[in-house]
Amino acid sequence: MALIYIVEDDINIREIETFALKNSGYQIRDFECASDFYKELQEKLPNLILLDVMLPDEDGLSIIKKLRSNSQTRKIPVIMVTAKTTELDKVKGLDLGADDYLTKPFGVMELISRVKALLRRCAGMEDEKFYTVGDLQLDVEKHTVSAFGEPVELTFKEYELLRLLMQNAGIVTSRDVIMERIWGTDFEGESRTLDMHIKTLRQKLGNAGAMIKTIRNVGYIME
């Protein structure tokens, strides 16, 4: 049973998150401030952290930065929760190492779905040999893609891009992560290259291409 730490100073939101996730079978420990959260981290590491950005004693973005700079906590998946609606706040969180984000107010079903999706991915979904999202299938061993049962011919980069998006279905993948995974850290081309590949990928997938959603100034998500 996965252990989830909730760091949220608003007691009403914290109780809703705790109740929803406990009912979904998760172990929960909740904290209203960063100091209590840090103390518990010394005792036991969680499988996932639900982290509010606005906390009374420390900014959530600062916490993410510390988590990613520590070898013990570097790989713990983090979902950033924020009441801020600007794209810049989301970008900052993802750039600092957050794996996904939720913007308040959010629904309980969306919360549970995001948590489940991120835990699946971090449990080794990247090792799967076959992916299915809606009417789209990708066979890793055969290196084939089909939409609505019909084969789809893709270039190598298009295939790798689609595979990454399907691996992370339901989770926003930032532009920087995509560029690094698909083109490598030394790739110096403009990010417009990514946009063009997304455009051609959508076209080749036909109606299934509509599942690839653009999160403006952040990245892409397959739903």
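A compact table of results
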read-out	value
Options 29, 114: the member that is open to solvent by 20 Å² or more (accessible area, probe 1.4 Å), among the charged types (D, E, K, R) and either at positive phi or in a strand (DSSP E or B) (or both)	29
The stretch 125-173, residues that are closer than 18 Å to residue 204 by Cβ, assigned to a loop (DSSP other than H, G, I, E, B) and among the basic types (Lys, Arg)	142
Verdict on residue 41 being aliphatic (A, V, I, L, M), more than 17 Å from residue 109 (Cα to Cα) and assigned to a strand (DSSP E or B)	no
Whichever residue in the stretch 4-19 is assigned to a helix (DSSP H, G or I) and without any contact (Cβ under 8 Å) to a residue 60 or more places away in the chain and, among such residues, is most open to solvent (accessible area, probe 1.4 Å)	19
Subset of the stretch 117-136 that is surrounded by 16 or more Cβ atoms within 10 Å (Cβ to Cβ) and over 24 Å from residue 24 (Cα atoms) - its residue that is modelled with the lowest pLDDT	131
Matching residues, the stretch 47-76, being of a type outside the set (A, V, I, L, M), surrounded by fewer than 20 Cβ atoms within 10 Å (Cβ to Cβ) and not in a helix (DSSP H, G or I)	47, 56, 57, 58, 59, 70, 71, 72, 73, 74, 75
Residue within the stretch 9-29 that is within 29 Å of residue 216 (Cα to Cα), in contact with a Lys or Arg (Cβ under 6 Å, 6 or more places away or on another chain) and at pLDDT 90 or above present	no
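The values are calculated or read from the model by the stated rules, or taken from the named source; none is laboratory data. All values derive from a computational prediction rather than experimental measurement. In this analysis, Cβ positions are derived from the backbone assuming ideal geometry, glycine residues included, and neighbour counts consider all displayed protein chains. Keep in mind that these areas ignore ligands, DNA and RNA; they rest on the heavy atoms of the full protein, side chains included. Shrake-Rupley method; radii C 1.70, N 1.55, O 1.52, S 1.80 Å.
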